[in-house]
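Shown next, in structure tokens, is the structure this report addresses.
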Amino acid sequence: MVGYTTKRPVIISILCVLGWIMVILNFLIAFSPSIKKIGPLYPALYSLVMCFQFIAFVGLWYMKRWGLELFISSFFAKCILSVMMGDFSNPGGMFLFSFVVSVIIIIVILFYYRRMDMNL
């Protein structure tokens with residue numbers, strides 16, 4: 001429906017704030033010396049994926065379906081990038097934490113997908 005707005009559930013607000021914190025921490029890790037050792041293009045590609053995730057959380061904040069779709073796409077892009085580069089050893093286990101939190105976010109927000117707005 002055009003112009004239809006849905007009140008954002010509290011759980012989505014909490015997950016978006018948690019997601020933004022996660023994106024900022026991952027973005028800072030992207031320029032650490034241990035990540036630069038993986039490959040010359042890896043920090044740039046990883047940062048690009050983090051930018052897409054940040055934009056996806058903005059879409060989720062406004063209850064837009066494209067936000068979840070972009071988040072799922074960037075999640076798989078991040079997994080593929082990590083597998084191709086053999087990077088499962090981010091400092092402090094951030095890859096595993098980020099992976100688990102992303103899966104939880106996807107599962108929870110899928111319950112609200114029908115209530116989300118289709119329009120930009």
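The values are calculated or read from the model by the stated rules, or taken from the named source; none is laboratory data. Remember, it's a predicted structure, so these values are computed and weren't measured experimentally. Glycine also receives a Cβ, built like all others from the backbone with ideal geometry; neighbour counts cover every protein chain displayed.
A few notes on this one:
- Subset of the stretch 44-70 [among the aliphatic types (A, V, I, L, M) and in a helix (DSSP H, G or I)]: ALA44, LEU45, LEU48, VAL49, MET50, ILE55, ALA56, VAL58, LEU60, LEU68, LEU70
- In the stretch 22-43, the qualifying residues are those that are in a helix (DSSP H, G or I) and among the aromatic types (Phe, Trp, Tyr), and the one that is farthest from PHE71 (Cα to Cα) is TYR42.
- Search result, residues across the stretch 104-120 that are surrounded by 11 or more Cβ atoms within 10 Å (Cβ to Cβ), in contact with a strand residue (DSSP E or B) (Cβ under 8 Å, 6 or more places away or on another chain) and among the aliphatic types (A, V, I, L, M): MET116
- The number of residues in the stretch 7-23 being more than 18 Å from VAL103 (Cα to Cα) and free of Cβ contacts under 8 Å to residues at least 60 places away in the same chain comes to 3.
- A Cβ distance below 8 Å, combined with a sequence gap of six or more or placement on separate chains, defines the contacts here; from the stretch 28-40, residues that are within 16 Å of MET84 (Cβ to Cβ) reach residues that are of a type in the set (Phe, Trp, Tyr) in the pairs ALA30/TYR46; ILE35/TYR42; ILE35/TYR46.
- Candidates are the residues of the stretch 92-103 that are more than 12 Å from PHE71 (Cβ to Cβ) and surrounded by fewer than 13 Cβ atoms within 10 Å (Cβ to Cβ); the one that is modelled with the highest pLDDT is VAL100.
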